[in-house]
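The structure under discussion appears below in the form of structure tokens.
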Amino acid sequence: MSIPEIRRTLTAATALLVAATVAVAAPAEAAPVSLVADPAAYVDPFIGTTRGGNTWPGATRPFGMMAWSPTATTGDQTSAPASNGYDYNVTRLRGFSLTHVNGAGCSPGAAGDVPILPHVGPVDSSPTADTKDAKYAATFSHANETATPGRYAVTLDSGARADLAVNTRAGVGDFSFPAGSAASLLFRTSNSLNGSEDAGIDINPATRTVEGWVLTGGFCGRRGNGGGATNPNRRSYYKLYFSAVFDRDFATTGTWRDSSRNPGATTASGGEGYLTGTDRAGKGSGGWVGFDTATDSDVRMRIGISYVSASGAAANRETEVPAGSTPLTVGNATRDAWNTELKRVRVGGGTEDRTRAFYTAVYHSLMQPQTMNDLDGQYLGADMQAHRLRPGQKAAYGTFSGWDQYRAQIQLLGLLRPDVAGDMATSMIDFAAQNNGVWDRWLHLGAPTHVMTGDPAAPTLATWYAMGVRNFDDRAALDSLVKQATVQNPDALSDLGCPGQCKGQRPTLNTYLALRYAANDICHCWGGAAETLENSLADFSLAMWAQRAGRADLYRRLLPRGDYWKNTYNPAVGYQAARRADGSWQAGFTPSTDVGFAQGSSATYTWMVPQDVSGLATLMGGRSAAAARLDTLFHDENGNWAVLGGNALRYDPTNEPGIHAPWLYNGLGQPWKTQETVRQIVDTAYGVGPGGLPGNDDLGTMSAWYVFAAIGLFPQVPGRAELLVGSPVFTRVELTRAGNTRLVINANTTDKYVQSARLNGAKLTQSWLPESFILRGGTLDFTLGTAANTTWATAPASLPRDH
């Protein structure tokens, strides 16, 4: 059934369901399950630090600007073993960097600014000349490394030790050295993960301060998209300032630039460029401060950062880590801040490993987007100019991996912190205004990177609006996003950066609107079929937003565009496929092809229609036929589970286009298969330890998927707030939204199959929950068992509504 035909039943059906939930009295509660009292104790920052998870173990605060974590080396100072500098299997470091992005998918990703290394031994040559990191780097053992929320410490094999803790914009580090050794801290100011355009350092022995900056950017800049050096991200789009003060005098100072060492000097400047290998090796600048360890081998440094100014960095430092701060005091305060966030969703009755994986997933989900503004309210805009917070805006936030996050992570943010989500929406509005009205797909800080495909800002803000977020200028945001979806922008006909970082947003829009699909041969995009699917979902989300906002004309205009996905569905093969401008299909199609798609195959993308599952099922021959097709996504030809990735024909838990697919069985009338499939993924693709994530975390998206799966609920479709029902891995979940709306989930066991369920005491026969559950709260009670109940929530009238 089409979207327009179904939408007319929504209001009545939801009203009946809500009425039923109120009419039946709740059953007597069982003995309360003990809930985790100290969630931070279950966070393991090492989860996801190998196996391509691209997480990092260093110190950070919820939504923190500062993220102080190691940068490792495999023998090339222009490279790192993972996108964010750290891989658990590499135990050699060249410093502790001040900024990081969680789980980016390209290597290097971004940031890793200003690595600081406690060095034992003389500084008798330029560290930049040590291009193989043979001398000015240090090995360590994991036995001497610890990480908890807000604090990181390691003793290096050189005998030096670093103990780091952070607040939002500043941190404190205790460094110790072997007694009597030559000891110094090296500030590699130009050595950001992707290189730098320029950098500078200024050492002041009289005030015991080291200040500096790096002009950098280059997100995913090592990619050759768009013809090598013409990659649009090989450019500078932010300047990070730092200001450090020490608790003792410097015994020595010095600086370097390229191969030149300048002992006694206090200033230096120079960047590395954005390329790699011989183009970048041996270039750059930095400085060092040395300490007399004859009678005192310990030194404490307090450091602040800012994207606006050196004075802002110093002010952030003095306010957030004032004199007298220690790693213990700062670390404990940040641990408390993490517990405040983690306790918004409390669980009990689960296994030790699942509880550890769960709270680490919540932790990873709340690292970013990150705080951008200084304490005085100034922040760096998309135009590289300083701006101030709007009246009433508590913080500016940056770094939105839109294409990844809108499928799970932004829903978790909206669920737990709708107040913060509103400030994030305001930040995105302002970044777009500073970027000539363009809402970029992937923002690093506030800057456009053009990464990925589609128009993810639309479903992001539409979803937050559906979840009750109102503390942003929603009318202006909707108007701006609708303009982007209807008026072709100047870059729409450019191939610059393609395929992975195409500069144009809503590329070739006029042709798309005329054809009602993105023609693969002229779309100036990563892939025409993927672009069509993404835009269809984005336009559907905007239509839902317009409907809620009472803008019926806009709703009627946008809703049909949510069906454009049908124009790249090829009935001859039964899959989504690349289509040319003349209407023909791309030759050489197979279900495993990635032609026309972005980081995925046709077999995966064919299911990317969460807004119209019934329509997709109709094209596939009905719900039963569609469910049988879906079975083949999760099982191999012998019927064995195939949910770990590595096969273009099967489910890929490492990337976003198909992560909703296990939940589609609910809409196909076979919810028990959602329950068993999700549980299989939870227990085999995810886990604990450094390899506990199935792939790159993408700013917490894969972690957010786990959080939803573990509580037995999942967002049905971007732009709305209904939830699909699975089965929880805990016997009790209590989730409290900002504003004290309370959602409670109870289960008799942690078995995977739903036998029956009650919502606010009333029998629940649907495998989905209305938006009222999120907006007003409620209690969901499960009776779970070891055998599939193939009759629960299977009646046609009980299936999730397509809207």
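Values quoted throughout were computed directly from the atomic coordinates according to the rules given, and no laboratory measurement underlies them. All figures in this text were calculated on a predicted structure; none of them were measured in a lab. Please note: Cβ atoms are built from the backbone with ideal geometry, for glycine as well, and neighbour counts cover all protein chains shown.
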Query raised in the report: Between H119 and residues 5 or more places away or on another chain, which pairs have amide H atoms under 5 Å apart, with H built 1.01 Å from N, and which residues are they?
Result: S184, L185, L186
Query - Ordering of 743-752, 633-642, 151-160 by packing [mean C-beta count within 10 Å, highest first] - result: 151-160, 743-752, 633-642
Report task. Grab the beta carbon distance between R475 and D376, set R0 = 41 Å, and tell me the FRET efficiency rounded to 0.05. Result -> 0.90
Query raised in the report: What is the chain's relative contact order, in percent, from Cα pairs under 8 angstrom and six or more apart in sequence?
Result: 13 percent
Query raised in the report: So between V573 and D124, what do we pick up on full extension, going 0.36 nm a residue minus the alpha carbon distance?
Result: 154.9 nm
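Provide the packing ranking of 403-410, 569-576, i.e. peptides ordered by the mean count of other C-beta atoms within 10 Å per residue, highest first.
Going from most to least packed, we get 403-410, 569-576.
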**Report entry** Longest to shortest principal axis, alpha-carbon extents of the stretch 60-338, angstrom
**Finding:** 55, 42, 39
Requested in this report: Set Lys and Arg Cβ to +1 and Asp and Glu Cβ to -1, take the dipole of the stretch 399-593 about its Cα centre, and tell me which of N567, W442, S427 lies farthest positive.
Outcome: N567
Report task. Taking the chain as the reference, fit the longest principal axis to its C-alpha atoms, fit the long axis of helix 310-320 to the helix C-alpha atoms, and give the angle between the two in degrees, 0 to 90, nearest 10. Result -> 80 degrees
**Report entry** Size of electric dipole in the stretch 60-338: Cβ of Lys, Arg +1 and of Asp, Glu -1, about Cα centre, debye, nearest 20
**Finding:** 600 debye
Query raised in the report: What does the charge dipole of the stretch 399-593 about its Cα centre add up to, to the nearest 20 debye, if the Cβ of each Lys and Arg holds +1 and the Cβ of each Asp and Glu holds -1?
Result: 460 debye
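How far, in nm, would the chain grow between T486 and D631 when pulled straight, counting 0.36 nm per residue and subtracting the alpha carbon separation?
On the way: separation 145, 0.36 × 145 = 52.20 nm, distance 3.79 nm.
Full extension of this stretch gives 48.4 nm more.
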Report task. Per residue of the stretch 409-416, in order, report the coupling 6.51 cos²θ - 1.76 cosθ + 1.60 (Karplus, θ = phi - 60°) as ³J(HN,Hα) in whole Hz, putting x for Gly and Pro. Result -> 5, 6, 5, 5, 4, x, 6, 7
Query - Positive-end residue, the stretch 414-547 charge dipole about Cα centroid, Cβ charges, pick of A519, M467, Q505 - result: M467
**Report entry** Under the Karplus curve 6.51 cos²θ - 1.76 cosθ + 1.60, θ = phi - 60°, whole-Hz ³J(HN,Hα) for the stretch 194-203, x wherever Gly or Pro sits
**Finding:** 9, x, 7, 7, 7, 7, x, 9, 9, 9
Query raised in the report: In degrees between 0 and 90, to the nearest 10, how far off the longest principal axis of the chain does helix 10-23 point, with axes built from Cα atoms?
Result: 90 degrees
Report summary line: Applied in sequence order to the stretch 658-671, the curve 6.51 cos²θ - 1.76 cosθ + 1.60 (Karplus, θ = phi - 60°) yields integer Hz couplings, x standing for Gly and Pro, of x, 5, 7, 4, x, 8, 5, 4, 4, x, 9, x, 10, x
Requested in this report: If a/c stays under 1.5 just call it rounded; otherwise compare a/b with b/c (prolate if a/b is bigger, oblate if not). Do that for the stretch 628-698, with a ≥ b ≥ c from the square roots of the Cα gyration tensor eigenvalues.
Outcome: prolate
Report task. Place +1 on the Cβ of every Lys and Arg and -1 on the Cβ of every Asp and Glu in the chain, take the dipole about the Cα centre, and give the residue among S269, N655, G695 whose Cα lies farthest towards its positive end. Result -> N655
Report summary line: The whole-number value in µm²/s of the Stokes-Einstein translational diffusion coefficient for the stretch 652-741, with Rh from the Kirkwood sum over alpha carbon pairs at 25 °C and 0.890 mPa s, is 177 µm²/s
Query raised in the report: Can you list the lysines whose alpha carbon sits under 24 Å from that of K239, skipping same-chain ones fewer than 8 residues off?
Result: K283, K394, K503
Query raised in the report: Rounded to the nearest 500 deg cm²/dmol, what is the calculated helix-only ellipticity per residue at 222 nm for the chain, with -39500 (n - 2.57) per DSSP H run of length n ≥ 4?
Result: -7500 deg cm²/dmol
Requested in this report: Quick one: dipole size for the chain, taken about the Cα centre, charges +1 on Lys/Arg Cβ and -1 on Asp/Glu Cβ, in debye to the nearest 20.
Outcome: 1520 debye
Report task. Identify all lysines with a Cα-Cα distance to K673 below 17 Å; exclude those on the same chain that are fewer than 8 residues away in sequence. Result -> K752
Report summary line: Under 5 Å from the placed amide H of G52, counting only residues 5+ away or on other chains, we find none
Query raised in the report: Got the relative contact order for the stretch 399-593 handy, in percent, Cα pairs under 8 Å and 6 or more residues apart?
Result: 18 percent
Query raised in the report: Taking Cα atoms, how many degrees apart are the long axis of helix 418-434 and the longest axis of the chain, rounded to 10 and kept between 0 and 90?
Result: 70 degrees
Query - Shape category assigned to the stretch 399-593 from the gyration tensor of Cα positions, a/c cut at 1.5 - result: prolate
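Please state, to two decimals, what the Cα-based radius of gyration of the stretch 426-532 comes to when divided by 2.2 N^0.38 Å (N = residues).
Expressed relative to 2.2 N^0.38 Å, the Cα Rg reads 1.05.
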